[in-house]
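Structure provided below as C-alpha cells; questions to follow.
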Amino acid sequence: MEKKLTVWQAACIITGYGVGSGIMTLPYLVDRAGLVPGLAIILVAFFFSYCMHMMLAEITIGSGKGSQIISVFRTYLFRGPRGNWFVVALFALTALVLITNLAAYVAGGAEVLEAAGLPPLAAKLVFYAIAAAVVFFGLKVLGVSEAASISAIMVIIGVLAVASLLNWHNALPWGVVGAPNQLLAFFGMAMFSFVAFFSVPQAVEGLDRDPARVRKAILLGLGLNLAFIVVIVFCTLGSSARITELGIIGWSEGIGLWAQVLGSAFTVLAMLTTYWSISLALSDIIEEQTKLHRRLCWLIATLPSLLLVLFDLGSFLEIMRTAGGLIAILMAVMVVPAFRRCRKANGRLLLPDALASTPMQVVVLAAFLLMAVGSAVSL
C-alpha cells in the first residue's frame, strides 16, 4: 500500500502520539503546581521538545538508510564489532518502553468503556481490538485514521470549551505556587505530553525525507498539542465538578451529562490515536530488526500490551510516569550525541544553527534528564 503522507497526516501522527494521557493528567498536576508556573513550564516544555524532535528528524533524514530509530542510532552511534550488542540492548529497551506505553493506553481506554457499562474484561478486549486493527493496515491507513480522529478531537474540544464558558464554577489557581516536588512532577509530565519521538521516523518516511515538509509537520503536530493543553488546562480547572487524574472526567461532570458522553468519546479517541502511533512505530522497529513477516511483527507489537493490562500492571498515572522516565533517558542519552555526529558528517539538514549549537544541545539534554527525574518524583 502507498505509504506517502500529506503534511497534515504526518502532523496528526505526531499529535496523536502525545494527545492521550499526558495531556489528560496536566490539569490534575497544575492544580497543585499553580497556573502561572504551570503555563511557564508548558511553554518551556514545548520549546525543548521541539528542539529534540527536530534533532531526531535531522538524524533520520541524514542516516540515508533505514527508517526507524534503531537503524538511525546504528548509523551514528553503534559502530565497530561491538555495535551489534548495543543494538540488541537498545532494541530490547525500546520494546520495553513502548509496550509499557501501550499497556497504559489499553488500561486507560478500558476504564472509559467500563464507565460506559461494559464488563471489565470486555472493555479491555474491545479497546484492544479497535486499537490494533488500524495498525494492521500500515502507515497510510494509520495516517488517514489519525487525521480523522484529530479533526474529531478538535471539534469535541471546541464544543466543550464553549460549554465551559457557560459553566465556569471555580476560581483559577493564579496565586498558587507548588512545592518543588510538585513543580518537578508537573515538568516531567508536561515534557511527556509533547513526546512523539517514535512517530518522527514515520513522518519522515511518509514525507519522503523532505526537510521543508518535515519541519512543517513537526511544528504543526507539536503546536496542536500545545493548543490542546492550554485549552484543556484552563477549561478543566474552571469548569470541573472535581479535579480528577484524568481531567476530562471532572471537566465533563461540571458541564452536564451530555458532556460526559462527549468527554468519554474524546478520551477514547485520544488514547486510540496514541496507541496507533506507538504500536506502528514498534511494529516497524521489530520488522526492521528481525526481518519477520509484517503481520507477525504487528502481533508481537500489540498483543503484549493487552496481556500486561489483563495482569493489572498498575494505576494509569503511575504507568505513564514510569514510561515517561524511561523514554526521557532513552532519547536524551541517544539523540544528542547522534545529532552531533550527523552534523559533523552532513552539515545542516533541518534544525537552524541557533538551535543546534553545543550549549543548546547541553540544555536540551539536561531538560530531558530532568523530565526523567520529574516522572519519578512522588506527589
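Throughout, read-outs are computed from the coordinates displayed, never taken from laboratory work. Small disclaimer: the values here were computed from a predicted structure and weren't measured. Because the Cβ atoms are built from the backbone with ideal geometry, glycine has one as well, and the counts that use them run over all protein chains shown.
Mind ranking 38-46, 331-339 by how tightly packed they are, going by the mean number of other C-beta atoms within 10 angstrom, highest first?
Answer by packing, highest mean first, reads 331-339, 38-46.
Given the pairs LYS140/LYS291; LYS291/LYS344; LYS216/LYS344, which span a C-alpha to C-alpha distance of over 29 angstrom in this model?
Working: LYS140/LYS291 21 Å; LYS291/LYS344 31 Å; LYS216/LYS344 24 Å.
Pairs exceeding 29 Å: LYS291/LYS344.
Same structure, new question: In what sequence, highest mean first, do 49-60, 155-166, 225-236 appear when ranked by Cβ atoms within 10 angstrom?
Packing order, densest peptide first, comes out as 49-60, 225-236, 155-166.
I'd like to compare 175-188, 342-355, 285-298: which one has the highest average count of other Cβ atoms within 10 Å, and what's the full order after that?
Ranked from most to least packed, the peptides come out as 175-188, 285-298, 342-355.
Follow-up. At a 10 Å Cβ-Cβ cut-off, how would you order THR75, THR267, THR273, fewest neighbours first?
THR75, THR267, THR273
While we're on this one: Ranked by Cβ crowding within 10 angstrom, fewest neighbours first, how are PHE78, PHE266 ordered?
Placing the least packed residue first, the sequence is PHE78, PHE266.
Moving to a separate point now. Here are several values of Cα extents along the principal axes in Å: (i) 61, 45, 36; (ii) 61, 49, 40; (iii) 94, 65, 33. Which one was derived from the coordinates shown?
Given (i) 61, 45, 36; (ii) 61, 49, 40; (iii) 94, 65, 33, the calculated one carries the label (i).
Tell me the relative contact order for the chain as a rounded percent, counting alpha carbon contacts under 8 Å between residues six or more apart.
The value is 37 percent.
I'd like the distance between the alpha-carbon centres of the range 336-359 and the range 136-198, rounded to an integer number of Å.
A separation of 30 Å, based on Cα centres.
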